[in-house]
Structures are given as structure tokens and as C-alpha cells.
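S.K.: A single structure is presented below for examination.
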Amino acid sequence: MTGRPGARLRRPTAVRQLLVFTALLTATALCALTLGTPVVPLSELPAALTGGDEGLAGVVVTELRLPRLTLALLAGASLGAAGLVLQEALRNPLAVPEMLGVSSGAALGVAAPLVLAVSVPAAVEPLLALGGAALGGVLTLLAAGFGRSPSAVLLTGAAVAAALQAALLVLMVMADQLDLQIIYRYLLGSLSARTWDEVTRLWPWLLISLPALVLCAPVLAVLRLGDDDAQALGVRVHHARFAALAVAIVLIAPVIAVCGPVAWVGFLAPQLAHRLLPYADAVRRLPWAAAWGALTVAVADLPARLALAPTETPVGAWTALLGVPAGVVLLRARRRHDPSDGGPTKGTDAPVRTVKP
Amino acid sequence: MKPRTGMRLVLLALLALLCAVADLLAGPALSPSGVWEVLTGGGGTVERHLVLQLRLPRLLVALGAGAALGVAGLVLQFALRNPLAGPEVTGVTPGAVLGAVTASGLGLAGWESPAAVTTAACLGGFAGAGLLWLLAGLSRGDAATTAVYGVLVSAVLGGLTAMMLTAAPGQLGSVVQWLIGTTEGRVWEHWHFLWPWTLLWIVLAGLLAGPLTLLRCGDEQASAAGLAPGPARGAALVCSVALTAGAVSAVGALGFVGLLVPHLALAVFGADLRVALPGAALTGAVVVCGADAAAQLLSRALADLLDSDRLTLPVGALTTCVGAALLLLVVRRRPGETH
């Protein structure tokens, strides 16, 4: 892609992006650690963080706010990276976990034992989420014929997601009033009352998926060329799509098991990464998608915690409210800028359908 | 009207009657002979109350809501020239849900005052459709793009509904039933509001049959034939949103009825709206009523099987699952035509 006019600008853009990102992240982290009840003044923050403060402020910062911020960053990074993997693998900017039945499947896997009063050890919950997510994702991909036609994938995914949502709602109808509150909060994605325990449940999964991500990123860059070209270069397209789906599921399911389906982060973060690095390939965009995802969740957690204080609002509702409009605006700008690249249904669809199996 | 289509209408009406009888008999705690006894004027107080105050209004509300959703979907699909434009995927139903939840959350409307809830649901429905129009341009673009944007709009509206529900958590239990769509506990008040509203807007939709047929041929043909496409499309949208809002305020967000019933109706009656509109109304009534009967029978069977008495299967769960399976079939069978 060296012939593009923007290529010359790449280095300064990347540096500036790094600076902007660091500044935003610092500001968000400071807000997340200081604001709330009680407000910890900036001057007392270092003491509270290093454990020098034995009082209320120290406990609140190290035992409540710091793990929550860490969890938000980890969850956001996983969701952002998973969104990018799915979008690149299916060559469709709208192929997000929410649209493919992956999120609803994982949520169903976690919520079902809760309602049916089956006690499940915390370590098994990610596995249940994994099973549900795999069910939803594989069902969608199989029913849509491995993503030959992008719009068919999305419509199939919408149908699968709706069916899984209906199953969830049936479970909720069966639950009693107290369970219902808990499940509803969980289903919207919430970071409230998460501690270091949840963080330690999440990061081993990330360690597993990191090497898989590194391995699959170059294949994603090849898949982007289109099914024909990828096949000519020796990539077995169906296998590669399934592998990418598997990586995305391993990234998403543990997050959903711990925080609930924090919606549409996987849509917004890759759009941001694309907007800010328009000519980079999947390998270079992947870390940025993770970074912007982390920032998105951390930022969305601020209004979730503070907007209606002392009542907490679910962070997933905020990410949906902020993420969908912002993502759509970015998507439209992107299509105007480069019409050959990705609308929900247009783009590289037409040549693919002429392939004879 | 050809004799054959007339025959089909009559057959469908008979089918509706059959579903209605099945729905009347399907509920728990009363045998079919007991129901018959009440209908012929006998029966004890409890039986009379069960049949006349609970089952009959429930049955009528299911029929009315099904008819409203079927016609709303058909009008929407003709007006937008989009076979995938059900009220569920154009933001109308989620908007209506948001409007109703907001109104009752702010204390402006209670569940016992259907008129206020319907007004709020109408406003919400217009807001949802307007949002989609802002995003995608309702009449431009291809069918699948609009449907995909509709899912995005639904996500935003769902987020707002969730905010409302977390802000006022007390009503969560009753709202969840209604988010999925249920005919449980519908009484005469609901029916007394539903039928004039639905009838009014279905008649108006029938008056719009000519313009709608022209609109389906395309804007240029419509204006060549002397029809202003903008106002006609607006009128059709108002009609469709009003019908959806009425149904939503009565039974909640029944999944996929408004999207798939028009396809059934068009397959049976052809594209002549003068026949297809009543056909869609009848088909919708049959589908919802039949689904309600099936849901009651299923939940009785499940309750026997699992030995728990609090298990009730809402009718919306059934329509959503069946609808999702049908949609999968449609998408899979004709991948080219959805573009």
C-alpha cells in the first residue's frame, strides 16, 4: 500500500495518536480513581495507591476503584481485539459479536444456571460462556454458509441472536423478583462490585488468547484480499474463518462471564482504529483496536458509576448508547472516504459470489 | 375478486375460528366441557369468571394484536419497497417499547390506562422510525442495509429502555413479560381500547391500498401516475406506526410477527392489496392466536414435566423462535434477493 498518498504521513500520525491516546487514558484513569464517594483529591492519590493511606480513601482506591479500572481496561481490550478479528475475518465492518449471536449465546450460558438454581463454581462460568458463545457463533456461520455473502451473515446472525434473546427472556420470566434484578443487571453488562478476584479470573484467559491473536493476525491480512486471492495464496478460507471465530470467542466469552455483555465495544473500537490508521493492515491495527476498546469501556464506566449516583447504571447501556451512534458516524465517513471499502452489504461481496465450489 | 381468493379468505377465517377455539380450550384448570357449559349459559361462578373475564378477552386481544401487526408489516413493506421492513427491524417496535416504558416510568401512564400507553408508544414508534430515517434514509438503500441499520437503532433504543428500567427498577418484573410479548392477564379494558383503534387504522390502510400499490412500483412511476410519493409514504408510515403501537401497548413486543406475516399473506393471496390487506390481518390473527394456544399447551406440558407451577411460556418466545427459524430459511434459500 505504499502508493497511497497517506502512506507518507503514517509515522507522525502514529506518534500523535500514541500521545493523544496516552493523554486520554491518563485523564480517564485519574477520573476513575478520584471521582465518586468519597472524592479522593489528586494530592492524596499517590499515597492511597502505594498503600501509604490506611484510611477509607486508601481502601476505596486500592480495593474498589483500581480493580474496577483494571477490569474495564482488560475487558475493553479483549472486546476491541475480538471485534477487529471478526470484522477482518468476515470482511464486514458490522460483523460484531452482538450481530453474530456470540454475545447472546455467552450470556445465555451464564444466565441459565443462575435461574435454574444450579450452583456453578466461578471457575466453570467462563467455560459455560464459551460453550454458549460457540453455539451462537457456529450456528450463525454454518447457517449463513461461511460468510460468502456479508448481508446474509448479518441477517442470519440477527435471527440467531433474536432466538437466543428469546430463550434468555423466557429464563427471566421464570426467575423470581430478586433473581430477576441480578440477571437483568448482569445482562446489560455491569462492572459494579467487581474486585481483584474477577481480575484474576480474567487475565489467564487473555494469556491464552494472546499467542493465538499474534498467530492469526497475518492470516487476517490475507483474508482481507478476498476469498479468491486468499485461496490463491494458500489460505483455506473456511478453516481460517472458523479459527478467527474461535479466537474471537475465546476473547469474548471470559469477559462476558465476568462483566456481562458490554455491548458494541467490538463495533466502535475497530472503527476508531481504522479511522485513525486508515491505510494500515490488520496486524498494525490490532493493538490499536484493543487500546481504543480499553479506553471506551473505561470512559463509559465513568457515567455508569456517577451519572445517577448513588444508583449505578449498567456500563453496557452506556457503551451501546455512545458506541452505536459514534460507530455508525465513523462507518459512514469511512465509506464516503473510500467507497470500495465496506458498507454493511456492499464492497467485496459481488466477486465472491461467482466462486464455484 | 377471483372466486379462488374468496375461497382462501373464507378458509383462513375458518382457520382463525379454529385457533380461537383452541386458544379458548388450551388454558389450565378447566376442561373443554366446562368451557362449553359456560358458553351455553351454565357453569359456576368461578368457571364463568375464568372463561368470560380471563380467557375471552385474552383470546380477543391476541386476535386483534395479530391483525394489527400483520397489516402494519404489510403496509411498511409496501411503503418502503423493502421485503425486510417489519416493524421490529425498522425501530418502530423498540421505539414503542421505549415510549411506553418511559411514560410509565415517569408516572404519566399506568398499565391500566391503555390510551395513555398507546399514545406514548406511538410517539416512541415515530422516534424509532425517525432515527432509522436519519441513519439510513428509509426509502433509499437496499433492503438488507436498512435492516442492518434497524438492528443498530434497536440496540440504541434498547440501551435507553435499559436506562429507564434501572432508574425505576420496581416495575422490572411486569415489564420483562411485556418486553417479550405476552397475552397473560389481558382483560376487557385492553380489548375495549384495542379494537376501535385497530379497526380505524386498518380501514385507513385499506383506503391507502391504491397509493401503496403505486408506491411499490417506484417513486418515478408513482409520480408519473399523479401521486405525490412523499405524502403518500408519510401517511402509510403513520398508519403502520399507529397499528404497531396499538398492538405493542396491548401485548408487548411480539417478535417477528410483523416481519413474517406479510410474507405469508403475500404468498397466499398475491400482491393485490385489496385482498392481501384483509388477508394479512387474518393471517396475523391466526398466527398470534395459534401461537398463544400452542404456548399455553406447551407451558402446561412443561409444567407437568418439570413439576414446577410457576413456569409459563410467553407467546412472544414462541413467535420469536419460530420466526427466527423462518427467517433463517428465507435468508438461506434466497441469498441473492436480500441485496
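Coordinate-derived values only; no laboratory data. The shown structure was predicted, so the numbers you read here are calculated from the model rather than taken from an experiment. Positions of Cβ are backbone-derived with ideal geometry, glycine not excepted, and every protein chain shown enters the neighbour counts.
S.K.: Using Cα atoms only, what is the angle between the long axis of helix B:257-269 and the major principal axis of chain B, expressed in degrees (0 to 90) to the nearest 10?
M.R.: 70 degrees
S.K.: Calculated from DSSP H runs of 4 or more alone, at -39500 (n - 2.57) each and per residue, what is the 222 nm mean residue ellipticity of chain A, nearest 500? Write down the numbers at each step before the final one.
M.R.: On the way: 15 runs with 249 residues, N = 357.
Mean residue ellipticity, 222 nm, calculated: -23500 deg cm²/dmol.
S.K.: Counting alpha carbon pairs within less than 8 Å and at least 6 residues apart, what relative contact order, in whole percent, applies to chain A? Mind dumping the intermediate values first?
M.R.: Numbers: 548 pairs, mean separation 97.2, N = 357.
That works out to 27 percent.
S.K.: If a/c stays under 1.5 just call it rounded; otherwise compare a/b with b/c (prolate if a/b is bigger, oblate if not). Do that for chain A, with a ≥ b ≥ c from the square roots of the Cα gyration tensor eigenvalues. All intermediate terms of the calculation are to be shown ahead of the outcome.
M.R.: Values: a/c = 2.07, a/b = 1.29, b/c = 1.60.
Oblate, since a/c reaches 1.5 and b/c is not below a/b.
S.K.: Among B:Thr45, A:Thr195, A:Thr140, which comes first, then next, by fewest other beta-carbon atoms within 10 Å?
M.R.: Details: B:Thr45 7, A:Thr195 13, A:Thr140 27.
Going from sparsest to densest Cβ surroundings: B:Thr45, A:Thr195, A:Thr140.
S.K.: Still on this structure: Let me check the size of the stretch B:53-135 from its C-alpha atoms; what are the radius of gyration and Dmax in Å?
M.R.: Looking at the stretch B:53-135, its Cα Rg and Dmax stand at 14.2, 45 Å.
S.K.: Right, another one. How far, in degrees from 0 to 90, does helix A:66-90 lean away from the longest principal axis of the Cα atoms of chain A, to the nearest 10?
M.R.: Approximately 10 degrees, to the nearest 10.
S.K.: Moving on to the next point. From largest to smallest, what semi-axes in whole angstrom does the protein assembly as shown give when each is the square root of 5 times an eigenvalue of its alpha carbon gyration tensor? Before the final figure, lay out each step's value.
M.R.: Values: eigenvalues 384, 203, 102 Å².
After scaling each eigenvalue by five and taking roots: 44, 32, 23 Å.
S.K.: Per 10 Å bin, what is the whole-percent P(r) computed from every C-alpha pair distance within the stretch B:144-208?
M.R.: 16, 26, 36, 21, 1
S.K.: Another question about this same structure. Output needed: Cys residues of the protein assembly as shown lacking any neighbouring Cys C-beta below 4.7 Å, sorted by number.
M.R.: Here A:Cys31, A:Cys216, A:Cys259, B:Cys122, B:Cys217, B:Cys239, B:Cys321 come out as lacking a disulfide-compatible partner, given the Cβ-Cβ threshold of under 4.7 Å.
S.K.: Relative to the longest principal axis of the C-alpha atoms of chain A, give the angle of the C-alpha long axis of helix A:150-174, reported between 0 and 90° and rounded to the nearest 10°.
M.R.: 30 degrees
S.K.: Computed over the Cα atoms of the stretch B:1-110, what is the convex hull's projected area averaged over all directions, in nm²?
M.R.: Numbers: hull surface 44.3 nm².
Spelled out: convex hull of the Cα atoms, projected over all directions, averaged, 11.1 nm².
S.K.: Quick one: order B:Leu328, A:Leu49, B:Leu39 by neighbouring beta-carbon count within 10 Å, fewest to most.
M.R.: Numbers: B:Leu328 19, A:Leu49 16, B:Leu39 13.
By the 10 Å Cβ count, ascending: B:Leu39, A:Leu49, B:Leu328.
S.K.: Relative to the Cα centre, what is the charge dipole magnitude of the stretch B:3-333, using +1 at the beta carbon of each Lys and Arg, -1 at the beta carbon of each Asp and Glu, and rounding to the nearest 20 debye?
M.R.: Dipole size: approximately 640 debye.
S.K.: Starting from 0.36 nm per residue, how many nanometres of slack lie between B:Arg81 and B:Leu326 once their C-alpha separation is accounted for? Please report the intermediate quantities before stating the final value.
M.R.: Values: separation 245, 0.36 × 245 = 88.20 nm, distance 2.07 nm.
This chain segment gains 86.1 nm when fully extended.
S.K.: How do B:Ser31, A:Ser190, A:Ser151 rank when sorted from fewest to most other Cβ atoms within 10 Å of their own Cβ?
M.R.: Values: B:Ser31 10, A:Ser190 23, A:Ser151 26.
Neighbour counts put them in this order, fewest first: B:Ser31, A:Ser190, A:Ser151.
S.K.: If you don't mind, another one. Tell me which of B:Leu134, B:Gly70, B:Val92 sits at the most positive position along the dipole axis of the stretch B:24-160, charges placed on C-beta atoms (Lys, Arg +1; Asp, Glu -1).
M.R.: B:Leu134
S.K.: Report, largest value first, the span of the C-alpha coordinates of the stretch B:3-333 along each principal axis, in whole Å.
M.R.: Principal-axis extents of the stretch B:3-333 (Cα, largest first): 65, 56, 38 Å.
S.K.: In percent, what relative contact order does chain B have, based on Cα pairs under 8 Å that are 6 or more apart in sequence?
M.R.: Once normalised by length, the contact order is 31 percent.
S.K.: About its Cα centre, how strong a charge dipole does the protein assembly as shown have in debye, to the nearest 20, once Lys and Arg get +1 and Asp and Glu get -1 at the Cβ?
M.R.: Details: 43 positive and 36 negative charges, 484 e Å.
Rounded to the nearest 20 debye, it is 2320 debye.
S.K.: Let me ask you something else. Once the piece of chain linking A:Ala326 and A:Asp197 is laid out straight, how much longer is it, given 0.36 nm per residue of separation minus the C-alpha distance between them?
M.R.: On the way: separation 129, 0.36 × 129 = 46.44 nm, distance 3.28 nm.
Net length gain for the segment: 43.2 nm.
S.K.: A further question follows. So if R0 is 30 Å, what FRET efficiency would A:Val59 and A:Leu178 give, r being the distance between their Cβ atoms, rounded to the nearest 0.05? Write down the numbers at each step before the final one.
M.R.: Working: r = 28 Å, r/R0 = 0.94.
For A:Val59 and A:Leu178, the calculated efficiency is 0.60.
S.K.: Would you calculate a helix-derived [θ] at 222 nm for chain B, using -39,500 (n - 2.57) for each DSSP H run of n ≥ 4 and dividing by the full residue count, to the nearest 500?
M.R.: Numbers: 15 runs with 255 residues, N = 339.
Rounded to the nearest 500, it is -25000 deg cm²/dmol.
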